[in-house]
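The values are calculated or read from the model by the stated rules, or taken from the named source; none is laboratory data. Being a predicted model, the structure only gives us computed values, none of them experimental. Ideal geometry is used to build each Cβ from the backbone, glycine not excepted, and the neighbour counts take in all protein chains shown. Side chains are part of the model used for accessible areas, which takes the heavy atoms of the whole protein and leaves out ligands, DNA and RNA. Shrake-Rupley method; radii C 1.70, N 1.55, O 1.52, S 1.80 Å.
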Protein chains: 2
Amino acid sequence: MTKPIWIKHAAQLATLASEVKGPRSKGKMSELGLIEDGSVWIEDGMIQAVGTTKELEERFADKVYEAEIVDASNHLVTPGLVDPHTHVVYGGSREREFEMRLEGASYMDIMNAGGGIHATTRMTREATEEELIDQTKRRLDSFFSHGVTTIEGKSGYGMNLETELKQLRVMKKLQEQHAIDIVPTFMGAHAIPPDFKGREDDFVNHLIDEMLPVVAEEKLAEFNDVFCEKGVYTPEQSERILEAGKRFGLMPKIHADEIEPYGGAELAAKVGAISAEHLLKASAEGIKAMAESGTIACLLPATALYLREEAAAGRRMVDEGVSVAISTDCNPGSSPTTSMPLVMNLACISMRLTPAEALTAATYNAACAINRQERVGSLEVGKQADMVMWNVKNYQELQYLFGVNHVKSVWKKGVKVV
Amino acid sequence: MTKPIWIKHAAQLATLASEVKGPRSKGKMSELGLIEDGSVWIEDGMIQAVGTTKELEERFADKVYEAEIVDASNHLVTPGLVDPHTHVVYGGSREREFEMRLEGASYMDIMNAGGGIHATTRMTREATEEELIDQTKRRLDSFFSHGVTTIEGKSGYGMNLETELKQLRVMKKLQEQHAIDIVPTFMGAHAIPPDFKGREDDFVNHLIDEMLPVVAEEKLAEFNDVFCEKGVYTPEQSERILEAGKRFGLMPKIHADEIEPYGGAELAAKVGAISAEHLLKASAEGIKAMAESGTIACLLPATALYLREEAAAGRRMVDEGVSVAISTDCNPGSSPTTSMPLVMNLACISMRLTPAEALTAATYNAACAINRQERVGSLEVGKQADMVMWNVKNYQELQYLFGVNHVKSVWKKGVKVV
């Protein structure tokens, strides 16, 4: 039994508490449940009470002397951030490819030099589990230092059964070895494996018949994701994969409409996907369908920045009633970053979300996008004590003073990890 | 007499040393003077030797035992970053204005609510010297934590003699009270003061006759800057101001061609400005003129991001022979950030500089833009021991793993400040 922790006198405590259950849309994304001079009482890693410092002072009068006290005066305190879309487990590094591109190398130059996603696939296939664990742990530490206490992680750099399972097993081990929470997604359909080029349906059959059953049998994933895009998987192939996953108890996610409008958002709504990802080019009909089905839009503005694409229409999606979450998309090709604080800034700058909406998108709605809203994403009694104390006074400054990681301290299940 | 410091075994030491003196252009911006297994020997805050660890081991064999040793294995080590363009001294904060804009407020709504640059002018006029020192110190600490060891700072939120002098005196005091180096610039012509609206020439006369002499007399600035832009100061007015400054020994700088092509780059070349700033809309002729005159282009890609403008044509300027420096533009309106690491990332992502060019632009060329290249900006014998050890292995990773502040340790004149 550890000492209770009392975080008190927060200049602003953004609880994100709400009567609304499930993903928040429209005006609900602006309701941060703010408490001035806020306090949180933590016991055994769980939140026991939330309120003003005065309220908790009275309530815990006889326990105050045994508690560890954290003075949060002049600081904003929020739930730990949640990153609902990462490809965090991968082998190798591609900084030289980044440089080559800026030195003027063409796409083919880079492919010929062994670059691109297939480079990561090769390096991930070659890496041992231990090597992947080592590399990934450093990224998980970096997530912690950026205030992120729960992440989703996808397989998808294997594109063969053995390596897909290796990536998922690495996540399972990291869930045991590292304090961060990792929620695993199977993404065997992340690209077309070179050896299946021209016979994509064979790979879809292989994935459904050979891969999904093993992933489900070993309980290695909760979600099933597919890259639905022209030249990758068609909406029909994507639907088959996602419906097959559902039969194995895997909830659908979908990389949709990143490069051109391709019916991905519509398909997400149709199959009842928990979230659709990217959506840079989602159609008006697709956005409407998502608003109606309650599918969460998981938007990735750091990826858009890195690829010099126009960011997704976040403002419009919120206005049309879609619940928006945001994520780093952490991956070695199109978004090698772990900074959710920057992603929140970009949600405001590039997608025109308000500071309050950006925080909701990075906490409660992000938790909903990976089905963790009962445990994390807001500061409410009975939830995990996943919290961040920031070097700013209020939630507006967190976005206004951009490009800076304002994290001061981070608690995961009541344990101070930063 | 303090102990010598020996930083050794740097995986990669980017010295930025070169035979070339003065701002670097074209291919010279890619020459980082890299040393593998690099070492730096520091005594009394100055660099005594730079080389491989083996070389320094032999040279200092009899002094090794008295030195403080820093193991930089697996780390990139570079000169301290230099930020050659900031408006770091200001009163108040405008995060609520940022939020209002995202909530849909118009420019006029914000002006009516007392926002915009005139809000900062009002708050800077109202602040005491002590309040400004306190506020600014926090920003200087943040610069340190982002690896920045020398900055330029501008006046310009006074627009009357009293407050302009207050800003400059605050910088002078901070130079004494804080370890960072601050290089002061007078920028009385930052906007048209509301009480001179419609009689701008009167203000120009006032600035030349009443303000410049006092600034020069009190030795409060080294540079003289002007916002040359349609609706602000014309090229003719700007030229008068800059030429007058030269007579007082102040080197010209110029905010040029930010909003539309207005002959600012051309004027910078004509008056022999040490640098021209922003340049988002600089003309082809202006770029050519700058290349010929050796005027440094000081580019501000974080400002472009924040304002959702296309970044300056950094790639083209380098290719055409202009020496490029980069900066945060730290200010409360269009770039409230202190993150030079993000600015370097954006120089690559948005302006297509290579990782090597971005590092040169943030160190040696930035030092040249504020006439400090004899003291800082590269790791060479006899220069200040201003250095950064990074949590990456090489200069490519510093830009590739974007959005993350990779600073591990920072030394200012041989003193560890982070």
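Ranking request for peptides A:227-237, B:111-121: highest mean number of other beta-carbon atoms within 10 Å first, then the rest in descending order. Don't skip to the answer; put the middle values down first.
Details: A:227-237: 18.9, B:111-121: 16.6.
Answer by packing, highest mean first, reads A:227-237, B:111-121.
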Out of the DSSP beta bridges found with both residues in the protein assembly as shown, what percent are antiparallel (nearest 5)? 40
Solvent-accessible surface (1.4 angstrom probe) belonging to A:Met251, in square angstrom, nearest 10: 60
Which aspartates and glutamates, if any, have their Cα less than 13 Å from the Cα of B:Lys408, not counting same-chain residues under 8 positions apart? B:Asp71
Bridge type composition, chain A - antiparallel percent by DSSP, nearest 5: 40
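Relative to 2.2 N^0.38 Å, what does the C-alpha radius of gyration of chain B come to as a ratio? Two decimals please.
Numbers: Rg = 21.1 Å, N = 418, 2.2 N^0.38 = 21.8 Å.
So chain B has a normalised radius of gyration of 0.97.
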Compute the label-point distances linking B:Phe196 to its equivalents in the other copies; points lie 7 Å from Cα along Cα→Cβ; give nm, one decimal, shortest first. 7.0
Report, for B:Glu57, each distance to the same residue's label point in the other copies, shortest first and in nm; define the point 7 Å along Cα→Cβ. 6.1
Residue separation between A:Glu285 and A:Ala113 times 0.36 nm, minus their alpha-carbon distance, gives in nm 57.8 nm
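Return an integer: the convex hull volume of the alpha-carbon atoms of the stretch B:327-418, in Å³ per residue.
Numbers: hull volume 10.1 nm³, N = 92.
With only Cα atoms used, the stretch B:327-418 gives 110 Å³ per residue.
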Restricted to Cα positions, what overall size does the protein assembly as shown have along the principal axes? Three whole-Å values, descending. 81, 62, 56
Can you list, shortest first and in nm, the gaps between the label point of B:Ser30 and those of its counterparts in the other copies, using a point 7 Å from Cα in the C-beta direction? 5.1
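Is there a simple number for the mean count of other chain Cβ atoms within 10 Å of the Cβ of residues in A:92-99, and what is it? Let's see the in-between values first.
Numbers: counts 0, 7, 2, 11, 5, 2, 10, 10.
Whole-number average of other-chain Cβ neighbours for A:92-99 is 6.
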If the label point is 7 Å along Cα→Cβ of A:Lys3, which residues in the stretch A:44-85 have backbone nitrogen under 13 Å from it? A:64-71
Suppose all protein chains stay in the model; what accessible area per residue would a 1.4 Å probe give for chain B, in Å²? 35
Any chance you could check the Cα centroid distance between the stretch A:324-382 and the stretch B:238-296 for me, in angstrom? 42
Do the alpha carbons of any pairs in A:Lys137/B:Lys416; A:Lys172/A:Lys253; B:Lys3/B:Lys173; B:Lys197/B:Lys253 sit beyond 22 Å of each other, and which pairs? A:Lys137/B:Lys416; B:Lys3/B:Lys173; B:Lys197/B:Lys253
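Report the antiparallel proportion of the DSSP beta bridges in the stretch B:1-140 as a percent, rounded to a multiple of 5.
Of all bridge pairs located within the stretch B:1-140, approximately 70 percent are antiparallel.
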Just to be sure I understand: chains A and B are related by a rotation, so which residue of A has its Cβ closest to that axis, and how close in Å? A:Asn405, 3
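Per residue of chain B, what 222 nm ellipticity follows from adding -39500 (n - 2.57) for every DSSP H run with n ≥ 4, rounded to the nearest 500?
Values: 17 runs with 151 residues, N = 418.
Calculated at 222 nm, the ellipticity per residue is -10000 deg cm²/dmol.
Could you give me D for the stretch B:1-94, from Stokes-Einstein at 4 °C and 1.567 mPa s, where the hydrodynamic radius is the Kirkwood radius over C-alpha pairs? Units µm² s⁻¹, please. List each step's numbers first, then the result.
Values: Rh = 15.3 Å.
This corresponds to a translational diffusion coefficient of 85 µm²/s.
Please give the total accessible area that chains B and A bury against each other, computed with a 1.4 Å probe and expressed in Å² to the nearest 100. Don't jump to the answer; show the numbers that get you there.
Numbers: alone 16570 and 16540 Å², together 29550 Å².
The contact between A and B buries close to 3600 Å².
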